[in-house]
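Trainee: Right, I'll just put the structure down here and ask away after.
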Amino acid sequence: MELFLPEFEGPVAQRGIGVIAPFDLALERELWRWVPLEVSLHLARTPYEPVPVSLEMAELVSDAVHLTSATRNVLHVEPEVVAYLCTSGSFIKGLAYEKSLRRTICRAGARDAVTTSGALAEAIAKLGLTRLSVITPYDEVLTHKLHDFLGELGCAVVRSDHLGLGGGIWKVSYRTIAERIMFADDPDAEAIFVSCTNLPTYDLVEPLEKALGKPVLTANQLTMWACLGRMKLPMMGPGKWLQDVF
């Protein structure tokens, strides 16, 4: 029997992003939709903690020991950048803490590091935003920690809404999320930020940006955008305001 050998070279050369995710992440499929074909995502998770989504959980999943271990778990496949994919875990203690998380990841051996809240800060700077509307799935305490983080960036929160969920965030329907985003919009807001990497948003970005006439920035979108920008690669998918800036 003659062995079939393809004439073309392959597979496509792979470029990697390491992703450190909280133990409860359920949206891996959404992450892949943001990246081009040649990019692979290599995930590591923080250890399971028997607590609801809360300030306590955000502190546990951003522990430096956990981030160090998770970073080392993805280094062997040589990612070009390692992302800490957690909004609350990277904003709970302000800008200085967010920077310390990136330093922790780089000290563990990563070539470069991104956090979700750091990516939000970069997008705010690139787009020149000073006034945001905010929607989160969190409780009021954690949502106000996000407000504090945005205040450090010189960005005012003109309107805010939160769902008050302690778990199962990935199960929230697109209809509910879209309704809450529309509710959170304000004429004075230059953009809307939708927090949490476990809240599904991919298919909502384009229609809501068209309807509202302003950027709709989401946690997974921003994280992948910041990683791909460091790799000099285009972000795939919706988000026209981010497509041409980095």
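Trainee: Please work out whether region 1-103 counts as rounded, prolate or oblate from its C-alpha gyration tensor, where a ≥ b ≥ c are the square roots of the eigenvalues and a/c under 1.5 means rounded, while otherwise a/b larger than b/c means prolate and anything else oblate?
Mentor: Judged from the Cα gyration tensor, region 1-103 comes out prolate (a/c at least 1.5, a/b above b/c).
Trainee: Still on this structure, please answer the following. Run the numbers on the chain and let me know its relative contact order in percent, using alpha-carbon pairs under 8 Å that are six or more apart.
Mentor: 21 percent
Trainee: Region 114-186: which chymotrypsin sites (Phe, Trp or Tyr not before Pro) are DSSP loop and have at most 12 other beta-carbon atoms within 10 angstrom?
Mentor: Here no chymotrypsin sites (Phe, Trp or Tyr not before Pro) fit, given the DSSP loop and packing criteria.
Trainee: Can you compute log10 of I(q)/I(0) for region 94-173 with the Debye formula, treating each Cα as one identical point scatterer, at q = 0.15 Å⁻¹?
Mentor: For region 94-173, the Cα-only Debye profile gives -0.65.
Trainee: Could you tell me the relative contact order of region 120-218? Use alpha-carbon pairs under 8 Å, at least six residues apart, and round to a whole percent.
Mentor: Result for region 120-218 is 32 percent.
Trainee: Return the lysines within reach of residue 232: Cα separation strictly under 21 angstrom, same-chain partners fewer than 8 residues apart disregarded; answer none if there are no such residues.
Mentor: Within reach: 126, 240.
Trainee: Which lysines have a Cα lying under 19 Å from the Cα of residue 145, excluding residues fewer than 8 positions away in the same chain?
Mentor: Within the straight-line limit of under 19 Å, residue 145 reaches these lysines: 93, 99.
Trainee: Can you tell me the 0 to 90 degree angle between the C-alpha axis of helix 219-230 and the longest principal axis of the chain, rounded to 10?
Mentor: 50 degrees
Trainee: So, one more: Extension gain residue 59-residue 106, at 0.36 nm per residue separation less the Cα-Cα distance, in nm?
Mentor: Value of the extension gain: 15.0 nm.
Trainee: At 1.4 Å probe radius, can you tell me the per residue accessible area of the chain in Å²?
Mentor: So the chain comes to 46 Å² accessible per residue, rounded to a whole number.
Trainee: Right, another one. Using +1 at the C-beta of Lys and Arg and -1 at the C-beta of Asp and Glu, which of 181, 208, 229 has the Cα lying farthest in the positive direction of the dipole of region 141-246?
Mentor: Positive-most Cα among the choices belongs to 229.
Trainee: For a test of the definition: using alpha carbon positions, the gyration tensor, and the 1.5 limit on a/c, classify region 120-218 as rounded, prolate or oblate.
Mentor: It comes out oblate by the Cα gyration axes.
Trainee: Net charge near residue 184, counting Lys/Arg +1 and Asp/Glu -1 over other residues with Cβ under 11 Å of its Cβ?
Mentor: Every neighbour counted, the sum reads -2.
Trainee: Could you please report the charge total around residue 19, scoring K, R as +1 and D, E as -1 over all other residues with beta-carbon less than 11 angstrom from its beta-carbon?
Mentor: Around residue 19, the charge tally is 0.
Trainee: For region 148-193, run through the GluC sites (Glu not before Pro) and keep only the ones in DSSP coil with at most 15 other Cβ atoms within 10 Å of their Cβ.
Mentor: Of the GluC sites (Glu not before Pro), not one in the loops of region 148-193 has a Cβ with at most 15 other Cβ atoms within 10 Å.
Trainee: Does anyone have the angle between helix 64-74 and the longest principal axis of the chain? Alpha-carbon axes, 0 to 90°, nearest 10?
Mentor: 30 degrees
Trainee: If the chain between residue 212 and residue 78 were fully stretched, how many nm would it gain, using 0.36 nm times the residue separation less the Cα-Cα distance?
Mentor: That works out to 44.2 nm of additional length.
The values are calculated or read from the model by the stated rules, or taken from the named source; none is laboratory data. Computed from a prediction, not measured in an experiment: that's the story for all the values here. Positions of Cβ are backbone-derived with ideal geometry, glycine not excepted, and every protein chain shown enters the neighbour counts. Surface accessibility is based on the protein's heavy atoms, side chains included, excluding ligands, DNA and RNA. Shrake-Rupley method; radii C 1.70, N 1.55, O 1.52, S 1.80 Å.
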